[in-house]
Amino acid sequence: MNIIGIDQLIYGANDLAASVKFMQDFGLTEVPNQAFGRYFETLNGTGILAAEADHASLPAKLPSMSQLRKMVYGVADQATLDAIQAELSTDREVKVLDNGALETVDDSGISIGFQISIRRELNLPAEKINAPGATHVRALNVLGVDHSIEIQPRTIAHTAVFVPDAAKAEAFYVKRLGFRVSDRLGGGPFLRSGGTTDHHTLFLIQAPEHIKGVEHISFHLSGPSELMLAGQRFQKAGHESFWGPGRHGLGSNWFWYFDGPLGCRFEYDADMDQLDTDWVPRELPLHEDNAQAYLLEFRKQNWAPFNGPAKKAG
């Protein structure tokens, strides 16, 4: 099925003011005049809608600690919507909303939706590098580091989701919705939907029922230098780094995770592997060295060459 990926995530915020500031500082842009709540989008229109946790228009709360209310996937066309409706209606209720979108629940009991994608097509340059022996990619006199640039996430990249039965959840997304397994980490599958070549749009993590919901949301940037600048700015704005910066092994994407007020983490992401149907999934045991190809420790610099020569030991 031609499911592209996450279009929107809907949250009931326990602290809406803090959530709004977090998303603004992260680089998302608010879109005014919503039917309810506050919507913050990436450059291609994918984004997050948050409303006060008790707002009557929100989907029902999960019976867990999660603030997630619904995950909405974007699809390529009406034919894909029709195919999803026909498939899932065989064993569960599938509502057709006023805007033509579908709403149902997955096999983990998480509310999911499907709509013809709201994504806008992007035509933006990628981050460029120069290397000896290769033609200059970044032109002469164009700097590789520019602290003045505006940084905005380009799109929602993927979600990692806590589920009580990862095998059951995997079967639902693979057998019913056409997702493919890219790799496995400790048994947890990285899944990519049929309408994308990204290494994964969904990562399923076995976890207790009481924390079921989104563990983190990832947002693509143009490259690792932009990721480092964005993370540095976000940290200086007072937000707590959880993991990173670094680069993952499976997927190869650069990462920097931050804790946030929506009960999940936000990840800056860059340079993910792109796969096709020839890819053969790998399976690695759960270990930090398999989760991170390398990890950088970002800390305040306390050394500079003009401080004088290093003291000799002893």
- Only bridges with both residues in the stretch 117-258 count here: give the DSSP antiparallel percent, nearest 5. 80 percent
- Message: Among Gly5, Tyr173, Ser148, which residue has its Cα furthest toward the positive end of the charge dipole of the chain, with +1 on Lys/Arg Cβ and -1 on Asp/Glu Cβ?
- Response: Ser148
- Enter the angle in degrees (range 0 to 90, nearest 10) between the Cα long axis of helix 78-88 and the first principal axis of the Cα atoms of the chain, meaning the one along which they spread out most. 70 degrees
- A student asked for the Cα radius of gyration and Dmax of the stretch 209-274 in angstrom ought to give 12.1, 38
- Hey, could you pull the Cα Rg and Dmax for the stretch 108-241, both in Å? 18.7, 55
- Choose one of Leu229, Tyr268, Pro245: the residue whose Cα lies farthest towards the positive end of the charge dipole of the stretch 228-273 (beta-carbon charges +1 Lys, Arg; -1 Asp, Glu; about the Cα centre). Leu229
- Task: With an 8 Å cut-off on Cα pairs and a minimum separation of 6 or more residues, tell me the relative contact order of the chain in percent.
- Result: 18 percent
- Query: From the square roots a ≥ b ≥ c of the eigenvalues of the alpha-carbon gyration tensor of the stretch 1-132, which class results: rounded (a/c under 1.5), prolate (a/b over b/c), or oblate?
  - Reply: oblate
- Query: Stretched out fully, how many nm does the piece from Val105 to Asn141 gain, at 0.36 nm a residue minus the Cα gap?
  - Reply: 7.6 nm
- Message: Can you give me the distance in nm between label points at Phe36 and Asp91, each placed 7 Å from the Cα along the Cα-to-Cβ direction?
- Response: 3.1 nm
- Message: In Å, what Kirkwood hydrodynamic radius results for the chain from the alpha-carbon pair distances?
- Response: 20.8 Å
- Note on the structure: Once phi for every residue in the stretch 14-20 is put through the Karplus expression 6.51 cos²θ - 1.76 cosθ + 1.60 (θ = phi - 60°), the whole-Hz ³J(HN,Hα) values, with Gly and Pro written as x, are 5, 9, 5, 4, 5, 5, 4
- Distance-filtered residues of the stretch 225-262 - backbone nitrogen under 13 Å, label point 7 angstrom along Val174 Cα→Cβ: none
- Rounded FRET efficiency, nearest 0.05, which uses the C-beta distance separating Ser148 from Gln235 and R0 of 25 Å: 0.85
- Query: Which value, in debye to the nearest 20, gives the size of the charge dipole of the chain about its Cα centre, when Lys and Arg are +1 and Asp and Glu are -1 at the Cβ?
  - Reply: 880 debye
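Here, each number is a calculation from the coordinates, and none is a lab measurement. Given the structure is predicted, the values throughout are model-derived calculations rather than measurements. All Cβ positions, even for glycine, are placed from backbone atoms using ideal geometry, and neighbour counts span all protein chains on display.
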